[in-house]
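Asks: My structure is below; once you've seen it, I'll send some questions.
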Amino acid sequence: MDAEHSSAAAPRKLTARQAAGRQFLADYLAENDNLPTLSVIAEHFGWASSNAANTLIGELVRAQVLEPLRKQKGYRFTREGDAHG
């Protein structure tokens with residue numbers, strides 16, 4: 001299996017927007033002991049709608065920084081996208 005199709009592939013390089021989003025999520029997690037809602041993310045970045053925040057979360061999932069929770073609504077940092085690294 002090649003790296004492109006491997007589930008253990010390394011996280012992709014983040015765009016500036018994605019890196020800023022990752023940093024906000026990590027900082028928020030450190031201060032609040034949970035990750036922010038989409039509306040909190042949108043408010044932080046000055047976006048009029050939480051749709052942009054949802055798009056950012058999707059990008060971070062595809063970049064393997066976040067992963068959706070299996071049995072509940074939400075997401076968490078992957079090992080590779082660890083909030084501390």
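Asks: Give the shape of region 13-77 as rounded, prolate or oblate, defined through the alpha-carbon gyration tensor: a ≥ b ≥ c are the square roots of its eigenvalues, a/c under 1.5 means rounded, and otherwise the shape is prolate if a/b is larger than b/c and oblate if not. The partial results should precede the final answer.
Replies: On the way: a/c = 1.24, a/b = 1.10, b/c = 1.13.
Because its axes are fairly even, with a/c under 1.5, region 13-77 counts as rounded.
Asks: From Cα pairs below 8 angstrom and at least 6 apart in sequence, can you work out the relative contact order of region 13-77, rounded to a whole percent? Could the numbers behind the result be given before it?
Replies: Details: 49 pairs, mean separation 15.8, N = 65.
About 24 percent, as a whole number.
Asks: So for the pair residue 55, residue 12, with labels modelled 7 Å out along Cα→Cβ, what separation do we get in nm?
Replies: It is 1.5 nm.
Each value in this text was obtained by applying a stated rule to the coordinates, not by laboratory testing. Quantities reported herein were computed from a predicted structural model and do not represent experimental measurements. Note that we place each Cβ from the backbone using ideal geometry, even for glycine, and neighbour counts take in every protein chain shown.
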